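Below is one structure, written out as structure tokens, with a few remarks after it.
Only the coordinates and a few stated rules stand behind these numbers; no lab work does. A quick note: this is a predicted structure, and the numbers were derived from the prediction, not measured. Cβ: placed from backbone, ideal geometry, glycine included. Neighbour counts: every protein chain shown.
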Amino acid sequence: MKDKLYRFMRSRYGNDQLSSMLTWGGLIFMLLDCFLKIGIFYFIGFVLFVYGYIRIFSKQYDKRVAQNRWYMEHTAGIRNVFKRRKKQKEAGKDYKVFVCNKCQQMIRVPRGKGRIEIRCPKCGNKFIRKS
Ligand SMILES: [Zn+2]
């Protein structure tokens, strides 16, 4: 049985970022329709889900690679926004961000240092804040 599955998948393309997005997106759409009950959402979700699996079991390797590359290139901006937000959230534990009241420059200072004088690196404005 395992051997059969292995032989079946050997020449197939397999999963990639685009297929993951299609199958998960499809599931989310179908789940959403359970609440909204419009029907069209279920249909869209089902089509996305099935297309995701068609890609996974596809034998046209080059075409699938090209599609995934296109997807990765065109969604890089959106994916970076999430990555940056996550990074900012993690940094928020160790740093506090202040805004210079003269030039609106954002200044990051380490947390837990008590009352400190902050000097804006852009305009040189000085102010005292609790870090
Ligand atoms: Zn400033």
Expressed in angstrom, Rg and Dmax over the Cα atoms of the chain are 24.5, 72
Checking every Cys Cβ in the chain against the others at 4.7 Å leaves as unpaired CYS34
Length gained if GLU73 through LEU32 is fully extended, taking 0.36 nm per residue and subtracting the Cα-Cα distance, is 12.0 nm
Most packed first (mean Cβ within 10 Å per residue), the peptides 53-62, 18-27, 108-117 order as 18-27, 53-62, 108-117
The correct pair for region 68-124, radius of gyration to one decimal and Dmax as a whole number, both in Å and from Cα atoms, is 16.4, 51
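What length, rounded to one decimal in nm, is gained on full extension from LYS102 through to ARG12, with 0.36 nm per residue of separation minus their alpha-carbon distance?
Once the chain is fully extended between LYS102 and ARG12, it gains 26.4 nm.
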If every Lys and Arg gets +1 and every Asp and Glu gets -1 at its Cβ, then about the Cα centre the chain yields a dipole, in debye to the nearest 20, of 900 debye
With the dipole of the chain defined by +1 on each Lys or Arg Cβ and -1 on each Asp or Glu Cβ, the option from MET21, ASN80, MET9 whose Cα lies farthest towards the positive pole is ASN80
Cβ-Cβ cut-off under 14 Å around SER20, Lys and Arg +1, Asp and Glu -1: the net charge is +2
Relative contact order in percent for the chain (Cα pairs under 8 Å, 6+ apart) equals 18 percent
Expected vector for region 62-78, Karplus 3J(HN,Hα) from phi with 6.51, -1.76, 1.60 and θ = phi - 60°, integer Hz, x for Gly and Pro, equals 4, 5, 5, 5, 4, 4, 5, 5, 4, 4, 5, 5, 7, 10, 4, x, 5
Rounded to one decimal in Å, the inverse mean reciprocal Cα-Cα distance for region 2-74, i.e. its Kirkwood radius, is 13.1 Å
Inter-part gap, Cα centre of region 97-117 to Cα centre of region 26-58, in whole angstrom, is 47 Å
Of all lysine pairs in region 40-131 that are eight or more residues apart or on different chains, those with Cα atoms under 17 Å apart total 12
Counting only residues 5 or more apart in sequence or on a different chain, those whose built amide H sits under 5 Å from that of SER58 are TYR13, GLY14
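Quote the charge dipole size of region 1-64 about the Cα centre in Debye, to the nearest 20; the model charges only the Cβ of Lys and Arg (+1) and of Asp and Glu (-1).
Values: 10 positive and 4 negative charges, 79 e Å.
It works out to roughly 380 debye.
Students often check this: by mean Cβ neighbours within 10 Å, which of 35-48, 76-89 ranks highest, and how do the rest follow? Each step should come with its number before you reach the end.
Details: 35-48: 13.7, 76-89: 9.9.
With the highest mean Cβ count within 10 Å placed first, the list reads 35-48, 76-89.
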The farthest towards the positive end of the charge dipole of the chain, of the residues ASN125, ALA91, LEU48, given +1 on Cβ of Lys and Arg and -1 on Cβ of Asp and Glu, is ASN125
